[in-house]
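In what follows, a single structure is set out as structure tokens and then discussed.
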Amino acid sequence: MATFLSAIEATRRQIVSSGNVLLNRWKTPLECRCPNRVRGKVVIITGATSGIGRFTAFDLAKKGAIVYLAGRNREASAAVVREVTQATGNQDVRFLPLDLTDFSSVETFVQEFLRCEEKLDVLVNNAAVFHHPPKQTQHNVEIVFQTNYLGVFLLTSLLLNTLRHTPNSHLVFVSSDAHRVVSLKDVDTFDPREPVHHQNFEDHVKLYGISKLALRIFAQFVAENFPGILVTEANPGNVWTPIYRHAWLSWWDMRKRLLSSLLMRDVREGAQPLIHALNSASLQSGIYLSDTLEVEGKPGYDPVVTRRLLAASVKLTGKHLDGSSKEIYNFI
């Protein structure tokens, strides 16, 4: 019943969000007006070659941050670095390769970053995939779950000590209301080593929701156990970006694709919750920032479920985690 009610609430939010998009055609769109709080800060942002990640990278560079774009497509990332540098005049925009579906790539990324920097002010976990064709990664993990959660878990865990030793550091997770359509039981019973068979669009939404709820549980764990790090979850809402490149591709679904492109937010508006999270001076650690910049309190998850999720995450990431975070090992 709780999951059903959550699904109803998620649907209501989507309808409201679509209504707001239509209203914004005739009024001033959502915009964060916070003073610049990122100038001179070292920031990593994943998934910055397109969508809200790319828009946020431009905003960070324009405000004078030292920006590291993390992505797996070298050519696309290099092109964005050139575009951002030319458009903003900021020469401190760099690219480091990162493939969240490859644990070795995550480990190498962290090593390369730490050769360049001694501190990390902000880590923005933005990269995600949705409606991906069924696939297991080279680690025999379902690709959506690894990209959206497990790779993020490893990246964040390997950088926790650096974040912890950087004064006033900030950890941002890009979330989604899709986490409301699933339950803790769904996360607890999900085995990413088993192939997933998608029958319809709702199956893709459920898988995406599981990955995002797992991310929320991990975010709350970090917020509770690393008080020196400001942890924020930011929900951009329904934004028309390349994350939908695998969805509604048949001729029959083209109407849905066209309608979605019209009713969803553009990347500028979708990036505002993330930009607000990066620049607001009033956010407390562990909060969830909605797509209308409203703040939701800490949810509080069953510690048994959290422990099992982290234990499974440590087991799946294996030797690549290498005991970097004692808090994680102590907790499980």
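The values are calculated or read from the model by the stated rules, or taken from the named source; none is laboratory data. Given the structure is predicted, the values throughout are model-derived calculations rather than measurements. Neighbour counts run over all protein chains shown; Cβ positions are idealised from the backbone, glycine included.
Tabulated data
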item: From the options LEU316, LEU289, LEU293, LEU310, residue that is among the aliphatic types (A, V, I, L, M) and in contact with a Phe, Trp or Tyr (Cβ under 7 Å, 6 or more places away or on another chain); result: LEU310
item: Scan of segment 242-282 for residues that are at pLDDT 95 or above and out of contact with any Gly (no Cβ under 8 Å at 6 or more places or on another chain), ordered by number; result: GLN272, LEU274, ILE275, HIS276, ALA277, LEU278, ASN279, SER280
item: Evaluation of GLY53 against (1) without any contact (Cβ under 8 Å) to a residue 60 or more places away in the chain; (2) over 17 Å from LEU120 (Cβ atoms); (3) of a type outside the set (S, T, N, Q); (4) in contact with a strand residue (DSSP E or B) (Cβ under 9 Å, 6 or more places away or on another chain) (one fails), failing number; result: (1)
item: Filter result for the condition that a residue is within 16 Å of ILE45 (Cα to Cα), aliphatic (A, V, I, L, M), at pLDDT 95 or above and surrounded by fewer than 16 Cβ atoms within 10 Å (Cβ to Cβ), over LEU114, LEU69, LEU98; result: LEU114
item: Test for ASP99: is it of a type in the set (D, E, K, R) and more than 21 Å from the chain's Cα centre (by Cα); result: no
item: Checking LYS185 against (1) assigned to a helix (DSSP H, G or I); (2) in contact with a strand residue (DSSP E or B) (Cβ under 9 Å, 6 or more places away or on another chain), the condition it does not meet; result: (2)
